[in-house]
Amino acid sequence: MRQQTLRFGDSWARIAPWRGGGGAAHLVVGPDATVPPSVVHRCIERARASGYDSVLTSAVSPAESGVFVDAGFSVRERLHLLARDLGAPPEPPLLPLVKGTRRDRPGVLELDDASFDEFWRLGPVGLKDALDATPATRFRIGRETDRVIAYAITGVAGRYGYLQRIAVHPDVRSRGWGSALVADSLSWIWKQGGDRVYVNTQLENERALALYRAFGFDVLPAGLCVLGRAL
């Protein structure tokens with residue numbers, strides 16, 4: 001099933017196979033776009049005509065979810081949304097990280113598959129989306145010999161920073177790699193002029209939640225959710 005893009009105004013909406021596989025379509029809306037109901041319905045019809053059996057959104061806030069709920073979507077997964085302010089230069093990472101390149105992407109995707117269950121895996125399209133989500137992006141990896149064992153994608157848009165993806169291979173957890181990735185991300189956001197940072201994580205991911213809280217993140221009352229509907 002091929003990727004399809006619908007243009008509206010200065011933005012876009014895209015239908016592509018869900019990154020976790022199966023017969024679901026992934027409905028992605030361009031950054032900072034308010035999608036009108038007519039576009040949502042056109043995406044649903046495109047997905048149905050293409051042979052998908054369901055449609056899933058990316059993680060959306062309560063304010064963004066109304067147009068999808070009105071089109072028959074309901075909550076499939078919920079996420080914590082956390083935030084912290086940067087009022088002083090963060091401490092640098094204690095483990096070595098290097099710039100990720102296009103050649104590292106297969107190893108990064110292998111690591112991502114090992115770190116997340118099927119529903120949450122990025123896949124090649126999701127990885128590209130994460131790298132392209134913000135005007136400025138940092139892509140850092142940790143290596144053990146020739147193997148990618150940790151990676152982070154961090155973005156900045158204006159004064160806001162985003163920890164887009166943090167992953168550590170299960171074989172090397174509890175060795176400080178997660179802390180190194182977060183520390184590097186926060187330091188870079190500070191240097192880019194960011195002073196407010198956001199990250200999300202699954203409700204049941206207690207390890208990630210503890211890591212972010214250790215770095216001063218607070219859970220916000222209104223989280224995010226992935227919405228879906230059958231076709």
Quiz item: How large is ³J(HN,Hα), in whole Hz, for each residue of segment 34-39 in order, when computed from phi with the Karplus curve 6.51 cos²θ - 1.76 cosθ + 1.60 and θ = phi - 60°, using x for Gly and Pro?
Solution: 9, 7, x, x, 4, 6
Practice problem: Quote to one decimal, in nm, the extra length available between E77 and S54 on full extension: 0.36 nm per residue of separation minus the C-alpha distance between them. | Solution: 6.8 nm
Practice problem: Would you mind checking which residues have amide H under 5 Å from R165's amide H? H placed 1.01 Å from N; only 5 or more apart, or other chain. | Solution: I153
Quiz item: Which whole-Hz couplings ³J(HN,Hα) result when phi for each residue of segment 42-56 is put into the Karplus expression 6.51 cos²θ - 1.76 cosθ + 1.60, θ = phi - 60°, listed in order with x for Gly and Pro?
Solution: 5, 5, 4, 5, 4, 5, 5, 5, 7, x, 6, 9, 6, 10, 10
Quiz item: Ranked by accessible surface with a 1.4 Å probe, highest first, in what order do E204, E64 come?
Solution: E204, E64
Exercise. Among D112, D32, D129, determine the one that fluctuates most according to a GNM of the chain built with springs between C-alpha atoms less than 10 Å apart.
Key: D32
Quiz prompt | Fraction of antiparallel bridges per DSSP, segment 1-156 only, in percent to nearest 5 | solution = 85 percent
Quiz prompt | Lys/Arg +1, Asp/Glu -1 at C-beta; segment 32-147 dipole; positive extreme among W120, V98, T134 | solution = V98
Self-check item: For segment 172-231 and segment 56-102, distance of Cα centres in Å
Solution: 8 Å
Quiz item: How many nm separate the modelled label positions at K99 and D218, each set 7 Å beyond the Cα in the direction of the Cβ?
Solution: 3.7 nm
Quiz item: Mind checking the dipole of segment 48-107: about its Cα centre, +1 per Lys or Arg Cβ, -1 per Asp or Glu Cβ, Debye to the nearest 20?
Solution: 340 debye
Quiz item: Taking the chain as a Gaussian network, Cα atoms linked when under 10 Å apart, which of A210, A133, A150 shows the biggest mean-square fluctuation?
Solution: A210
Quiz item: If each of F8 and H41 carries a label point 7 Å out from its Cα toward its Cβ, how far apart are those two points in nm?
Solution: 1.1 nm
Quiz prompt | Surface per residue (accessible, 1.4 Å probe) for segment 118-231, Å² | solution = 45 Å²
Exercise. Starting from the Cα-Cα distance between D195 and D85, subtract it from 0.36 nm times their residue separation and give me the gain in nm to one decimal.
Key: 39.0 nm
Practice problem: Before anything else, pin down the relative contact order of the chain: Cα pairs under 8 Å, at least 6 apart, normalised by residue count, whole percent. | Solution: 27 percent
Quiz item: Put a dot 7 Å past each Cα toward the Cβ at D70 and A136; how far apart are the dots in nm?
Solution: 3.7 nm
Exercise. Once you've got the GNM for the chain with C-alpha springs shorter than 10 Å, pick whichever of L97, L220, L163 has the biggest mean-square fluctuation.
Key: L220
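The values are calculated or read from the model by the stated rules, or taken from the named source; none is laboratory data. Keep in mind the model is a prediction, meaning the values are calculated, not measured. Please note: Cβ atoms are built from the backbone with ideal geometry, for glycine as well, and neighbour counts cover all protein chains shown. Keep in mind that these areas ignore ligands, DNA and RNA; they rest on the heavy atoms of the full protein, side chains included. Shrake-Rupley method; radii C 1.70, N 1.55, O 1.52, S 1.80 Å.
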